[in-house]
Amino acid sequence: MKHRSMEAVGIGERFFHAGEVRINYVVGPANGRPIVFIPAQGMTWEEYILLLPMLAPDFQVFAISLPGHGKSSWTPGKYTFDQLGVAVSEFLREVVGRPAIVGGNSSGGVLAMWLAANVPELVTASVIEDAPFFRAEWPAIKNSVVYDVFLGLAQTAIPGSGGFPKFFLDTLAPMAQELDTMADMTAPPKPVLQLAAAWMRLHQTLRPGTPIDLPFLPTQMRVFLRSFSHFDGNFSRAFVDGTAGAGFDHATALAQITQPMLFLHANWSMSGDRIVGALTDDDVERAKSLVTAAFDYVRLPSGHFIPLEKPELENTEIRRFLDQ
């Protein structure tokens, strides 16, 4: 996906091979300190298409697509935080080439935390965008409404399951109202949804292995559609069966972090006894109590996908944090 503001500041698309894993990424000119972003589950580097141009004049910006996402390698059965962390660590060493500020949204923020704890020599500070600390661990993840979304995404990887069009129609659209805390989503009338799903099925028949793209949509909605329609559902399967976090304890990792952390907390609410959003205020306080370095907390009036929904606010907060 091309965006004029990205091209205007010299941000271009590249590939890096970390062993058997190919990572698709974008990078800007070396205008300052490196800052590397890791998107949310289901999202490619395009999640940062609005934020990167704002930071590029004063930083060298990077954003990656994790394995299982978009043009990066799809590696079913190899989607643990430890495996992803090793691949991204190699990216930091070989591509970035110097210690960097590492940011991430949602599970990408959990991975940024993994990097700060496990390869501290590569991370100077972290920018955590509404990461589900503790909530993404098994079995706590089952107490989140997004668990049902991950179940639906996992089904898309099963041959003959109907793929993304069926997930869109059967799982995502009916949950749109319940997920309005996580993103500004309003379900259109059912006939419109059925027509859209039929068009998606046609697209995937004629152009398999490519993202579904509707250029007339607003940028945010276009990125959602492109990313989630070009995603390996086995990545979500690793979260719903607990294998993604095998051997990785959030509290232990947080206690190992010695670099400053900016935590951007988005909207959340409760639906019965299940959380709609990433984590509660109590979860944030628990994380803050474990991190021995500076912990800069900011509550933003945003849905879960902060880089897409509130890029201007995030740009301001990142600059304030790093100027300290």
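If you go through region 235-249 one residue at a time, how many are more than 17 Å from the chain's Cα centre (by Cα) and either within 9 Å of Y79 (Cα to Cα) or surrounded by 14 or more Cβ atoms within 10 Å (Cβ to Cβ) (or both)? Quick ask: steps written out before the conclusion?
Our first condition is that a residue be more than 17 Å from the chain's Cα centre (by Cα); within region 235-249, this holds for 241-243, 246-249.
Subset that is either within 9 Å of Y79 (Cα to Cα) or surrounded by 14 or more Cβ atoms within 10 Å (Cβ to Cβ) (or both): 243, 248.
Result for region 235-249: 2.
Matching residues to (1) among the charged types (D, E, K, R); (2) part of a loop (DSSP other than H, G, I, E, B); (3) within 23 Å of A87 (Cα to Cα):
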{"residue": "S126", "(1), (2), (3)": "no, no, yes"}
{"residue": "A131", "(1), (2), (3)": "no, yes, yes"}
{"residue": "A136", "(1), (2), (3)": "no, yes, yes"}
{"residue": "Y147", "(1), (2), (3)": "no, no, no"}
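Within region 250-266, identify whether any single residue is closer than 26 Å to E314 by Cα, of a type in the set (A, V, I, L, M, F, W, C) and part of a loop (DSSP other than H, G, I, E, B), and answer yes or no.
yes
Which one is modelled with the lowest pLDDT, of the residues in region 166-210 that are among the basic types (K, R) and not in a loop (DSSP other than H, G, I, E, B)?
First, pick out the residues of region 166-210 that are among the basic types (K, R): 166, 190, 201, 207.
Pick out the ones that are also not in a loop (DSSP other than H, G, I, E, B) and you get 166, 190, 201.
Values: K166: 81, K190: 67, R201: 79.
By that ranking, first place goes to K190.
Among the residues of region 1-19, is there at least one that is modelled with pLDDT under 95, more than 26 Å from W268 (Cα to Cα) and either of a type in the set (K, R) or under 16 Å from the mean Cα position of the chain (by Cα) (or both)?
Taking every residue of region 1-19 in turn, at least one turns out to be modelled with pLDDT under 95, more than 26 Å from W268 (Cα to Cα) and either of a type in the set (K, R) or under 16 Å from the mean Cα position of the chain (by Cα) (or both).
Can you find, within region 4-44, the residue that is surrounded by the most Cβ atoms within 10 Å (Cβ to Cβ) among those that are small (G, A, S) and either touching a residue at least 40 places away in the same chain (Cβ under 8 Å) or part of a strand (DSSP E or B) (or both)? Steps first, answer last, please.
Just the residues of region 4-44 that are small (G, A, S), to begin with: 5, 8, 10, 12, 18-19, 28, 30, 32, 40, 42.
With either touching a residue at least 40 places away in the same chain (Cβ under 8 Å) or part of a strand (DSSP E or B) (or both) added as a condition, the list becomes 5, 8, 10, 12, 18-19, 40, 42.
Values: S5: 14, A8: 10, G10: 12, G12: 11, A18: 18, G19: 9, A40: 27, G42: 24.
The selected residue is A40.
Among the numbered conditions (1) over 12 Å from F164 (Cβ atoms); (2) in contact with a strand residue (DSSP E or B) (Cβ under 9 Å, 6 or more places away or on another chain); (3) among the small types (G, A, S), tell me where G247 comes up short.
Unmet condition: (2).
Does R320 count as modelled with pLDDT of 95 or more, more than 17 Å from the chain's Cα centre (by Cα) and under 19 Å from S106 (Cβ atoms)? Show your work before the answer.
On the way: modelled with pLDDT of 95 or more: yes; more than 17 Å from the chain's Cα centre (by Cα): yes; under 19 Å from S106 (Cβ atoms): no.
Against the criterion (modelled with pLDDT of 95 or more, more than 17 Å from the chain's Cα centre (by Cα) and under 19 Å from S106 (Cβ atoms)), R320 does not qualify.
Tell me which of these A157 doesn't satisfy, since it passes every other one: (1) in contact with a Pro (Cβ under 9 Å, 6 or more places away or on another chain); (2) at pLDDT 75 or above; (3) hydrophobic (A, V, I, L, M, F, W, C); (4) in a helix (DSSP H, G or I).
(4)
Within region 276-298, how many residues are assigned to a strand (DSSP E or B), of a type in the set (A, V, I, L, M, F, W, C) and at pLDDT 95 or above? If you could, list the steps in order and put the result at the bottom.
Here is the first cut: in region 276-298, the ones assigned to a strand (DSSP E or B) are 276, 295-298.
Remaining after also requiring of a type in the set (A, V, I, L, M, F, W, C): 276, 295, 298.
From what's left, at pLDDT 95 or above: 295, 298.
Count: 2.
Just give me the residues in region 52-86 being within 19 Å of G97 (Cα to Cα) and assigned to a strand (DSSP E or B), in sequence order.
Those that are within 19 Å of G97 (Cα to Cα) and assigned to a strand (DSSP E or B): F59, Q60, V61, F62, A63, I64, S65.
The values are calculated or read from the model by the stated rules, or taken from the named source; none is laboratory data. Nothing here was measured: the structure is a model prediction, and the numbers come from that model. Virtual Cβ from ideal backbone geometry, glycine too; neighbours counted across all protein chains shown.
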